[in-house]
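J.: Take this structure, written in structure tokens, and hold onto it; I'll ask about it next.
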Amino acid sequence: MRAQQLAFHSNVSGVFCFYLMVFYKPLQALNWVFVVDTMNFSFWPEKEAQQCEVTYKGTTYTGFMTLCAAITRAMEEGVPITDPKYFSQISVEELGHVLRSDNETAMPMLQERHQ
């Protein structure tokens with residue numbers, strides 16, 4: 001199965017995010033799935049009204065889809081987030097920028113996502 005087909009058929013924690021994936025090489029698609037799956041945990045806010053939000057191409061996302069949108073946004077901004085070397089050496093500050101929220105509520109558990 002080709003990488004693009006595999007990425008399309010991959011079910012990342014129960015949600016298909018294919019339409020948020022932006023890649024120019026098949027390996028980027030696989031690495032996108034890896035990066036997203038690595039940080040896919042605990043999106044529940046302490047208060048429902050205080051969810052982290054990322055707006056991507058006119059749609060505002062919360063929960064797991066916030067992560068998908070943030071990673072895709074970073075790729076479009078030229079951040080090599082799907083490059084294993086970059087991802088393995090990213091600082092907390094850089095990851096905080098990649099996962100930045102479009103509202104006052106930050107992405108939960110940034111330190112844990114960095115580990």
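J.: Could you identify the single residue in Glu93, Glu77, Glu104 that is under 21 Å from Gln28 (Cα atoms) and open to solvent by 80 Å² or more (accessible area, probe 1.4 Å)? Can you show your working first?
T.: Working: Glu93 fails: under 21 Å from Gln28 (Cα atoms); Glu104 fails: under 21 Å from Gln28 (Cα atoms).
Of Glu93, Glu77, Glu104, the one residue that is under 21 Å from Gln28 (Cα atoms) and open to solvent by 80 Å² or more (accessible area, probe 1.4 Å) is Glu77.
J.: Now, a different point. Name every residue in the range 34-51 that is open to solvent by less than 60 Å² (accessible area, probe 1.4 Å), touching a strand residue (DSSP E or B) at 6+ places or on another chain (Cβ under 9 Å) and at pLDDT 85 or above, in order of residue number.
T.: Selection gives Val36 alone.
J.: How about the range 52-74: which of its residues are open to solvent by 30 Å² or more (accessible area, probe 1.4 Å) and either at pLDDT below 85 or in a loop (DSSP other than H, G, I, E, B) (or both)?
T.: Passing the criteria: Glu53, Lys57, Gly58, Thr62.
J.: Hey, does the range 8-31 have a residue that's modelled with pLDDT under 80, in a loop (DSSP other than H, G, I, E, B), of a type in the set (Lys, Arg) and open to solvent by 80 Å² or more (accessible area, probe 1.4 Å)?
T.: yes
The values are calculated or read from the model by the stated rules, or taken from the named source; none is laboratory data. The shown structure was predicted, so the numbers you read here are calculated from the model rather than taken from an experiment. Ideal geometry is used to build each Cβ from the backbone, glycine not excepted, and the neighbour counts take in all protein chains shown. Heads up: the accessible areas ignore ligands, DNA and RNA and are worked out on the full protein's heavy atoms, side chains in. Shrake-Rupley method; radii C 1.70, N 1.55, O 1.52, S 1.80 Å.
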